[in-house]
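The next block holds one structure in the form of C-alpha coordinates; read it before the comments.
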Amino acid sequence: MKNEITNKRLALVTGANQGVGLQVVKELVAAGHTVLLGSRDLAKGEAAAREVGEGAMALQMDVTDQASIAAAAAFVQQTFGYLDLLVNNAAISNVNKGNLSLQEYGKLTRASNIPLKEVRGIWETNVFGVLAVYQAMLPLLRKSAEPRIVNVSSGVGSLTANADPAYPYRAMYSPGYAASKTALNAITLAMMIELENTHIKVNLVSPGFTSTALNGFEGTESIEDGSREVVRVALFGPEEPSGTFTRWENVNIPW
(Lines give C-alpha, C1' and ligand atoms only; values in the text may rest on other atoms or scores of the structure.)
Protein backbone atom coordinates (compact mmCIF):
# COMPACT_ATOMS: atom_id res chain seq x y z
CA MET A 1 0.00 0.00 0.00
CA LYS A 2 2.96 2.25 -0.70
CA ASN A 3 2.09 5.92 -0.48
CA GLU A 4 -1.64 5.26 -0.28
CA ILE A 5 -2.09 7.98 2.35
CA THR A 6 -1.01 10.84 0.11
CA ASN A 7 -3.12 13.51 1.80
CA LYS A 8 -1.68 13.05 5.29
CA ARG A 9 1.75 13.63 6.74
CA LEU A 10 3.39 10.43 7.95
CA ALA A 11 5.03 10.60 11.37
CA LEU A 12 7.04 8.17 13.46
CA VAL A 13 7.19 8.68 17.23
CA THR A 14 9.58 6.44 19.17
CA GLY A 15 8.84 5.26 22.70
CA ALA A 16 5.20 6.05 22.10
CA ASN A 17 3.19 3.41 23.95
CA GLN A 18 2.96 5.57 27.09
CA GLY A 19 3.67 8.97 28.62
CA VAL A 20 4.64 11.96 26.50
CA GLY A 21 5.12 9.80 23.41
CA LEU A 22 1.56 8.49 23.52
CA GLN A 23 0.14 11.97 24.09
CA VAL A 24 2.12 13.26 21.11
CA VAL A 25 0.70 10.45 18.96
CA LYS A 26 -2.84 11.34 20.04
CA GLU A 27 -2.36 15.01 19.19
CA LEU A 28 -0.64 14.38 15.87
CA VAL A 29 -3.45 12.03 14.82
CA ALA A 30 -5.99 14.65 15.88
CA ALA A 31 -4.10 17.15 13.71
CA GLY A 32 -4.52 14.89 10.69
CA HIS A 33 -1.29 12.89 10.65
CA THR A 34 -0.89 9.18 10.13
CA VAL A 35 1.36 8.12 13.00
CA LEU A 36 3.57 5.09 13.40
CA LEU A 37 3.59 4.42 17.13
CA GLY A 38 7.05 3.05 17.91
CA SER A 39 7.20 0.62 20.80
CA ARG A 40 9.83 -1.82 22.02
CA ASP A 41 7.02 -4.18 23.09
CA LEU A 42 4.72 -4.71 20.10
CA ALA A 43 1.77 -5.85 22.23
CA LYS A 44 1.92 -2.65 24.29
CA GLY A 45 2.25 -0.65 21.10
CA GLU A 46 -0.79 -2.31 19.58
CA ALA A 47 -2.82 -1.66 22.74
CA ALA A 48 -1.78 2.01 22.65
CA ALA A 49 -2.63 2.27 18.94
CA ARG A 50 -6.10 0.85 19.64
CA GLU A 51 -6.51 3.46 22.37
CA VAL A 52 -5.67 6.23 19.90
CA GLY A 53 -7.83 4.76 17.15
CA GLU A 54 -7.79 5.33 13.41
CA GLY A 55 -4.64 7.06 12.24
CA ALA A 56 -2.26 5.27 14.60
CA MET A 57 -0.32 2.13 13.71
CA ALA A 58 1.95 0.20 16.06
CA LEU A 59 5.52 -0.36 14.88
CA GLN A 60 7.86 -2.63 16.81
CA MET A 61 11.15 -0.85 17.37
CA ASP A 62 13.72 -1.21 20.12
CA VAL A 63 16.09 1.75 19.71
CA THR A 64 18.90 -0.24 21.35
CA ASP A 65 18.62 -3.06 18.80
CA GLN A 66 20.07 -2.33 15.37
CA ALA A 67 18.20 -5.22 13.75
CA SER A 68 14.90 -3.93 15.15
CA ILE A 69 15.59 -0.43 13.82
CA ALA A 70 16.55 -1.78 10.40
CA ALA A 71 13.38 -3.88 10.25
CA ALA A 72 11.26 -0.86 11.18
CA ALA A 73 12.91 1.27 8.48
CA ALA A 74 12.38 -1.50 5.92
CA PHE A 75 8.70 -1.68 6.87
CA VAL A 76 8.25 2.07 6.43
CA GLN A 77 10.04 1.93 3.07
CA GLN A 78 8.01 -1.00 1.78
CA THR A 79 4.66 0.23 3.12
CA PHE A 80 4.88 3.99 2.52
CA GLY A 81 8.15 4.76 0.80
CA TYR A 82 8.79 8.01 2.72
CA LEU A 83 8.64 9.65 6.15
CA ASP A 84 7.64 13.26 6.83
CA LEU A 85 8.21 13.61 10.57
CA LEU A 86 10.47 11.78 13.02
CA VAL A 87 9.98 12.42 16.74
CA ASN A 88 12.82 10.83 18.72
CA ASN A 89 11.06 10.51 22.06
CA ALA A 90 12.22 7.14 23.43
CA ALA A 91 14.26 7.60 26.61
CA ILE A 92 14.96 6.07 29.99
CA SER A 93 16.01 7.79 33.20
CA ASN A 94 17.69 4.83 34.85
CA VAL A 95 18.50 1.16 34.60
CA ASN A 96 18.43 0.13 38.25
CA LYS A 97 16.51 2.74 40.28
CA GLY A 98 13.92 0.33 41.56
CA ASN A 99 11.61 1.90 44.16
CA LEU A 100 14.06 4.60 45.18
CA SER A 101 12.87 8.20 45.11
CA LEU A 102 14.64 10.59 42.75
CA GLN A 103 16.46 12.09 45.73
CA GLU A 104 17.62 8.68 46.98
CA TYR A 105 18.65 7.62 43.49
CA GLY A 106 20.52 10.89 43.02
CA LYS A 107 22.76 10.17 46.00
CA LEU A 108 23.79 6.86 44.43
CA THR A 109 24.47 8.22 40.95
CA ARG A 110 26.98 10.99 41.44
CA ALA A 111 30.12 11.12 39.35
CA SER A 112 32.06 9.39 42.12
CA ASN A 113 29.77 6.42 42.64
CA ILE A 114 27.44 5.81 39.69
CA PRO A 115 28.02 2.33 38.25
CA LEU A 116 29.38 2.48 34.70
CA LYS A 117 26.81 -0.16 33.77
CA GLU A 118 24.10 2.34 34.75
CA VAL A 119 25.66 5.09 32.62
CA ARG A 120 26.08 2.81 29.60
CA GLY A 121 22.51 1.53 29.88
CA ILE A 122 21.01 5.02 29.94
CA TRP A 123 23.20 6.33 27.15
CA GLU A 124 22.44 3.29 24.97
CA THR A 125 18.82 4.44 24.71
CA ASN A 126 19.05 8.21 25.10
CA VAL A 127 22.09 8.89 22.92
CA PHE A 128 23.11 5.98 20.71
CA GLY A 129 19.49 4.95 20.13
CA VAL A 130 18.58 8.38 18.79
CA LEU A 131 21.60 8.41 16.48
CA ALA A 132 20.84 4.91 15.21
CA VAL A 133 17.22 5.80 14.43
CA TYR A 134 18.32 9.02 12.70
CA GLN A 135 20.74 7.13 10.47
CA ALA A 136 18.13 4.50 9.57
CA MET A 137 15.28 6.95 8.87
CA LEU A 138 17.22 9.71 7.11
CA PRO A 139 16.87 8.16 3.62
CA LEU A 140 13.09 8.07 4.11
CA LEU A 141 13.00 11.67 5.34
CA ARG A 142 14.92 12.76 2.25
CA LYS A 143 11.95 11.56 0.18
CA SER A 144 9.55 13.95 1.92
CA ALA A 145 8.75 17.38 0.53
CA GLU A 146 8.65 18.90 4.04
CA PRO A 147 10.66 16.68 6.42
CA ARG A 148 11.33 17.50 10.05
CA ILE A 149 13.10 15.80 12.96
CA VAL A 150 12.14 16.64 16.54
CA ASN A 151 14.42 15.30 19.27
CA VAL A 152 12.98 15.27 22.80
CA SER A 153 15.67 16.31 25.25
CA SER A 154 15.56 18.03 28.65
CA GLY A 155 16.56 21.34 30.12
CA VAL A 156 18.60 19.46 32.72
CA GLY A 157 21.05 18.64 29.93
CA SER A 158 21.94 22.30 29.37
CA LEU A 159 25.60 22.93 30.20
CA THR A 160 24.99 26.68 30.38
CA ALA A 161 22.15 26.26 32.88
CA ASN A 162 24.01 23.75 35.04
CA ALA A 163 27.11 25.96 35.16
CA ASP A 164 24.99 28.51 37.04
CA PRO A 165 24.93 27.80 40.83
CA ALA A 166 21.43 29.29 40.96
CA TYR A 167 19.98 26.73 38.54
CA PRO A 168 17.35 24.80 40.58
CA TYR A 169 18.11 21.38 39.07
CA ARG A 170 21.90 21.72 39.26
CA ALA A 171 22.24 19.23 42.13
CA MET A 172 20.61 16.56 39.95
CA TYR A 173 23.30 16.73 37.27
CA SER A 174 25.05 13.37 37.00
CA PRO A 175 26.77 11.21 34.36
CA GLY A 176 23.52 9.27 33.95
CA TYR A 177 20.28 10.81 32.71
CA ALA A 178 21.25 14.49 32.78
CA ALA A 179 24.56 14.00 30.99
CA SER A 180 22.87 11.70 28.48
CA LYS A 181 20.65 14.62 27.54
CA THR A 182 23.71 16.86 27.22
CA ALA A 183 25.13 14.28 24.82
CA LEU A 184 21.81 14.12 22.97
CA ASN A 185 21.92 17.89 22.57
CA ALA A 186 25.38 17.55 21.04
CA ILE A 187 24.25 14.76 18.71
CA THR A 188 21.29 16.92 17.67
CA LEU A 189 23.58 19.86 16.96
CA ALA A 190 25.63 17.56 14.72
CA MET A 191 22.41 16.66 12.85
CA MET A 192 21.50 20.34 12.53
CA ILE A 193 24.90 21.19 11.10
CA GLU A 194 24.84 18.24 8.70
CA LEU A 195 21.40 19.14 7.39
CA GLU A 196 21.48 22.95 7.54
CA ASN A 197 21.84 23.29 3.77
CA THR A 198 19.14 20.71 2.98
CA HIS A 199 15.35 20.79 3.15
CA ILE A 200 15.32 18.64 6.32
CA LYS A 201 14.75 20.67 9.47
CA VAL A 202 15.79 19.63 12.97
CA ASN A 203 14.52 20.92 16.30
CA LEU A 204 15.29 20.11 19.92
CA VAL A 205 12.63 20.42 22.63
CA SER A 206 12.22 19.84 26.35
CA PRO A 207 8.90 18.64 27.77
CA GLY A 208 9.84 19.90 31.24
CA PHE A 209 9.50 17.95 34.49
CA THR A 210 6.49 15.94 33.35
CA SER A 211 4.82 13.37 35.59
CA THR A 212 5.52 10.08 33.81
CA ALA A 213 6.96 6.64 34.48
CA LEU A 214 10.33 8.12 33.46
CA ASN A 215 10.60 9.87 36.83
CA GLY A 216 8.38 7.61 38.92
CA PHE A 217 5.53 10.11 38.46
CA GLU A 218 7.35 12.64 40.65
CA GLY A 219 7.20 15.26 37.89
CA THR A 220 5.19 18.45 38.36
CA GLU A 221 3.85 18.96 34.81
CA SER A 222 0.83 17.16 33.38
CA ILE A 223 1.20 14.93 30.33
CA GLU A 224 -0.75 17.48 28.30
CA ASP A 225 1.48 20.39 29.34
CA GLY A 226 4.63 18.32 28.98
CA SER A 227 3.67 17.32 25.45
CA ARG A 228 2.66 20.80 24.35
CA GLU A 229 6.00 22.01 23.05
CA VAL A 230 6.81 18.69 21.38
CA VAL A 231 3.53 18.85 19.50
CA ARG A 232 3.83 22.56 18.67
CA VAL A 233 7.23 22.07 17.07
CA ALA A 234 6.27 18.78 15.42
CA LEU A 235 3.45 20.65 13.66
CA PHE A 236 5.75 23.34 12.30
CA GLY A 237 5.26 24.07 8.63
CA PRO A 238 8.09 24.41 6.10
CA GLU A 239 8.41 28.12 6.80
CA GLU A 240 9.10 27.55 10.51
CA PRO A 241 12.70 27.51 11.77
CA SER A 242 15.22 24.73 12.18
CA GLY A 243 18.01 24.60 14.75
CA THR A 244 15.99 25.66 17.81
CA PHE A 245 16.08 24.34 21.40
CA THR A 246 12.88 25.36 23.18
CA ARG A 247 10.78 24.73 26.27
CA TRP A 248 7.73 26.80 25.38
CA GLU A 249 6.85 29.08 22.52
CA ASN A 250 9.37 31.95 22.52
CA VAL A 251 11.27 30.37 25.43
CA ASN A 252 14.67 29.15 24.30
CA ILE A 253 16.89 26.86 26.37
CA PRO A 254 20.59 27.71 26.46
CA TRP A 255 22.88 25.02 25.10
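The values are calculated or read from the model by the stated rules, or taken from the named source; none is laboratory data. Computed from a predicted structure; not experimentally measured. FYI the Cβ positions are ideal-geometry reconstructions off the backbone, even for glycines, and counts take in every protein chain you see. The protein model used for the area step is the full one, side chains on, heavy atoms only, and it has no ligands, DNA or RNA in it. Shrake-Rupley method; radii C 1.70, N 1.55, O 1.52, S 1.80 Å.
How would K107, K8 rank on accessible area, largest to smallest, probe 1.4 Å? Don't jump to the answer; show the numbers that get you there.
Values: K107 110, K8 80 Å².
Greatest to least solvent exposure: K107, K8.
Once the convex hull of all Cα atoms in region 112-185 is built, its volume per residue stands at 87 Å³. If you take the Cα centroid of region 230-247 and the Cα centroid of region 24-93, the two points sit 20 Å apart.
Each of the peptides 179-190, 61-72, 17-28 was scored by the mean count of other Cβ atoms within 10 Å over its residues; in descending order, highest first, they stand as 17-28, 179-190, 61-72. Taking amide hydrogens as placed 1.01 Å from N in the peptide plane, the amide H of L59 sits under 5 Å from those of L37, G38, S39, each at least 5 positions away in sequence or on another chain.
For the chain, the fraction of 1.4 Å probe accessible surface lying on carbon and sulfur atoms is 53 percent. By the Stokes-Einstein formula, at 1.306 mPa s and 10 °C, the chain with its Kirkwood radius over alpha-carbon pairs has D equal to 87 µm²/s. With kT/(6 pi eta Rh) evaluated at 20 °C and eta = 1.002 mPa s, and Rh the Kirkwood radius from Cα pairs, region 144-194 diffuses with a coefficient of 178 µm²/s according to Stokes-Einstein. What is region 71-136 by shape, rounded, prolate or oblate, if you read a ≥ b ≥ c off the alpha carbon gyration tensor as root eigenvalues and call it rounded for a/c under 1.5, prolate for a/b larger than b/c, and oblate otherwise? Here region 71-136 falls in the prolate category. The charge dipole of the chain, taken about the Cα centre with unit charges on the Cβ atoms of Lys, Arg (+1) and Asp, Glu (-1), comes to about 380 debye, rounded to the nearest 20. Applied to region 62-75, the Karplus parametrisation 6.51 cos²θ - 1.76 cosθ + 1.60 on θ = phi - 60° returns per-residue 3J(HN,Hα) values of 9, 6, 9, 10, 4, 5, 5, 5, 5, 5, 5, 5, 5, 4 Hz, with x for Gly and Pro. In a Debye calculation with equal point scatterers on the alpha-carbon sites of region 1-133 and no solvent, what is log10 I(q)/I(0) at q = 0.14, 0.17, 0.18 Å⁻¹? The Debye formula, applied to the Cα set alone, gives -0.66, -0.88, -0.95. Near L83, the amide H atoms lying under 5 Å from its own belong to L141, K143, S144; only residues 5 or more places off or on other chains count, and H is placed 1.01 Å from N. Whole-Hz Karplus values for region 191-196 come out as 5, 4, 5, 4, 9, 5 Hz, taken residue by residue from phi with 6.51 cos²θ - 1.76 cosθ + 1.60 and θ = phi - 60°; glycine and proline positions read x.
Near I114: Cβ cut-off under 13 Å, other residues only, Lys/Arg at +1 and Asp/Glu at -1. The net charge is +4.
Think of region 1-122 as a dipole: +1 on every Lys or Arg Cβ, -1 on every Asp or Glu Cβ, centred on the Cα centre; then among V52, L22, G98, G98 lies furthest on the positive end. Among bridges DSSP assigns within the chain, what percent are antiparallel (round to 5)? About 10 percent, rounded to the nearest 5. Every helix of 4 or more DSSP H residues in the chain counts as -39500 (n - 2.57), and over all residues that averages to -12000 deg cm²/dmol at 222 nm.
Over all orientations, region 1-79 has a Cα convex hull whose mean projected area works out to 4.8 square nanometres.
Place the peptides 198-204, 111-117, 226-232 in order of packing, highest mean first, counting for every residue the other Cβ atoms within 10 Å and averaging per peptide. List each step's numbers first, then the result.
On the way: 198-204: 20.4, 111-117: 10.9, 226-232: 22.9.
Ranking, from highest mean packing down: 226-232, 198-204, 111-117.
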